[in-house]
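The next block holds one structure in the form of structure tokens; read it before the comments.
The values are calculated or read from the model by the stated rules, or taken from the named source; none is laboratory data. This is a predicted model, so every value here is computed, not measured. FYI the Cβ positions are ideal-geometry reconstructions off the backbone, even for glycines, and counts take in every protein chain you see.
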Amino acid sequence: MKAIRTRFAPSPTGYMHIGGMRTALFNWVFAKHHQGTFILRIDDTDQARNVESALEPILQAFRWLGIPWDEGPETGGDFGPYFQSERTESYQKHCQTLIEKRLAFYDFTTPDQSRAEREAAEKEKRNYINNRNDFDLDSATIQERIDRGDNYVIRFLVPRDTDEKIVIDDAVRGRVEFDPSTMPDPVIMRSNGLPLYNFASVIDDASMQISHVIRAEEHLSNTPVQALLFDALEFERPTFAHIPYVAAPGTKEKLSKRKLEQYRKNPKFKKLFEHGDFIFPLLGLENNGGLDPVMVEYYEKIGYLTDAVFNALARIGWSLDDQTEIMSRETIVENFTLDRIVKSPAGFDPDKLLSFQSDWMGKVPLNEKALNCIPYLATAGYVHAGEKEFAHDYIEKVVAAVGDRLVVWSDILRFDEFFVTDDQLKFEEKAFQKRVVKPEDACPLLAELAEELTGANCQTAEEFDQFVHQFVEKKEIGIGQIIHALRVAVTGKAAGVGMFDAMALLGTERCVKRIRRTLELASSSDSQ
RNA sequence: GGCCCCAUCGUCUAGUCAGGCCUAGGACACCGGAUUUUCAGUCCGAUAACGGGGGUUCAAAUCCCCCUGGGGUCACCA
């Protein structure tokens, strides 16, 4: 059997699109399933300038997700170069071949003229086809006009005068037919000698011996052109597999960076945006660091697990069977086949991603969790380099108390009460009013509790538990009458980790300090 | 508008190719209950879908046709 070779060909845009990542992932998984090769090829025919800086975030996304490319930038390979900007010679050579075979021609029609013709066709609700006025120009005339500086373009000649349909046997969609008599002759080369996408893509796929072109459905419509080009160049056509594009949550519309403002209002996206808005400023990223949920980097920065994102992405438009949801990348590679790809567009569901994340986070051992939280705490300024040793031990205890509330790494920043000094602790205004100021007995009870706690010297959560229970028993009140006020006093918040875990983390002395500070604040807010 | 693709719970999907095992299965979300000092979690439970119409057949979510709806794409972008 022929060696399986797949590729992903991003253009250096400065970020990695989550939908593109899913396409790349399918390519990688498919290749690995067949012990094949996955290639990264850079589509930089258009913008030769800041390729390096615009490429880096893309490579980083691949590294982060754990999708290594066997051939491509940095790694090289036998079929390089892997930057299209370095392959122009090859495109020109093949273009020349087509011209000689009279399968391509110089076209001096101006862009304005072409546009006018296209618009006219549209206006008359007619299919647009380019004119072939310049097809019969003899070489002397062509040379003369080129020398004169006339702008031209090279078009591939579509075989329109045939009844034969172009048939694509798509691995996902089955047989798809196109009628060549309705297709315009595509431009394959500009006069500056640079190729257009459809042309460069075909030549590279052929020379890199790509066996399967797995790409998003939006490319289905330029597949006939490419198929024709493969034939004309006498290259063997690869197997095409057009996978559904990734849609915006709850819609069938392609997920797009241009519609971000609209997504902010999307209820499915709401939680995700809110989390980012909360977390990024704490990490010192102004304007959210230019990050948004369409970008892979967004999930990396927020602290998603790569296994979770990998799992979630694999499940968009693909399933293993009627049950299995949680899958390791090994399981996915082992079971991935093209025939189980769904045909209709699949909405990206942030809730589902989060649920995958919880599952995967549940498998992470405690010490590893703590280790991963440290960079977040450090960046936010809650932990300092010098105190790493102390910090790890303490952070591990906090993380243990936080338990399942830690879903993404950055969630640790929601528990700042364990990292700020007692006089810096912020109180949630609403909770403070409701639990401390408003209930008449809250402050006296807190005062008394603080008094008794001073001499108690509790250490463990159990001891705090016992202490508080004894206290309420003695006062003949329910625990509910004190616990809420106590929580707000000690943590500043209405909700959080287990009350006694929180107290044990802080220790008797700090709990007392915080309660006393609470009482001061309460009395001053009373008198206002 | 031309060309092309798609159509099962709110969402992601299984089932469609090889019609019966489907009074349509799973997961997420939502809702309810239990547990708990709060939040979360966990455990139980409930609601929820074959777009419509015609065929074919003993039998159709599954095959055929039409309609409707949704979407992609129509560059000297990729």
Problem - Test: residue in the range A:237-254 that is closer than 24 Å to A:His94 by Cβ, in contact with a helix residue (DSSP H, G or I) (Cβ under 6 Å, 6 or more places away or on another chain) and charged (D, E, K, R) - result: yes
Practice task
Please indicate, with yes or no, whether at least one residue in the range A:125-133 is within 9 Å of RNA strand B (Cβ to nearest atom), among the polar types (S, T, N, Q), within 20 Å of A:Tyr91 (Cα to Cα) and modelled with pLDDT under 90.
Solution key: no
Practice task
Only residues in the range A:479-493 that are surrounded by fewer than 24 Cβ atoms within 10 Å (Cβ to Cβ) count as the first member; pair them with residues that are charged (D, E, K, R), Cβ under 6 angstrom, at least 6 apart or cross-chain, and list the lot.
Solution key: A:His484/A:Arg435; A:Gly492/A:Glu417; A:Gly492/A:Lys426; A:Lys493/A:Glu428
Problem - Residue check for A:Val225: surrounded by 18 or more Cβ atoms within 10 Å (Cβ to Cβ), at pLDDT 95 or above and either under 25 Å from the mean Cα position of the chain (by Cα) or more than 20 Å from A:Arg7 (Cβ to Cβ) (or both) - result: no
Exercise for the section: Using the structure shown, decide if A:Ser114 is surrounded by 12 or more Cβ atoms within 10 Å (Cβ to Cβ) and on the phi < 0 side of the Ramachandran plot. Expected result: yes
Handout entry: A:Lys259 vs. criteria in contact with an Asp or Glu (Cβ under 9 Å, 6 or more places away or on another chain) and within 9 Å of RNA strand B (Cβ to nearest atom)
Key = no
Exercise for the section: Test A:Gly498 against the stated conditions and say whether it is without any contact (Cβ under 8 Å) to a residue 24 or more places away in the chain, within 13 Å of RNA strand B (Cβ to nearest atom) and surrounded by fewer than 21 Cβ atoms within 10 Å (Cβ to Cβ). Expected result: no
Handout entry: Within the range A:99-216, helices (runs of 4 or more DSSP H) holding 3 or more residues that are over 30 Å from A:Val29 (Cα atoms)
Key = A:111-123, A:139-148
Exercise for the section: Six or more apart or on different chains, Cβ under 7 Å: which pairs go from a residue in the range A:328-357 that's assigned by TED's automatic domain parsing to the domain that holds A:Phe269 and farther than 11 Å from A:Ala312 by Cα to one that's of a type in the set (Lys, Arg) and within 7 Å of RNA strand B (Cβ to nearest atom)? Could you list them? Expected result: A:Lys343/A:Arg173; A:Pro345/A:Lys252
Exercise for the section: For the range A:315-335, indicate whether the set of residues that are within 8 Å of RNA strand B (Cβ to nearest atom), surrounded by fewer than 21 Cβ atoms within 10 Å (Cβ to Cβ), part of a loop (DSSP other than H, G, I, E, B) and among the small types (Gly, Ala, Ser) is non-empty. Expected result: yes
Problem - Failed item in (1) more than 15 Å from the chain's Cα centre (by Cα); (2) more than 30 Å from A:Arg155 (Cβ to Cβ), with A:Ile316 passing the rest - result: (1)
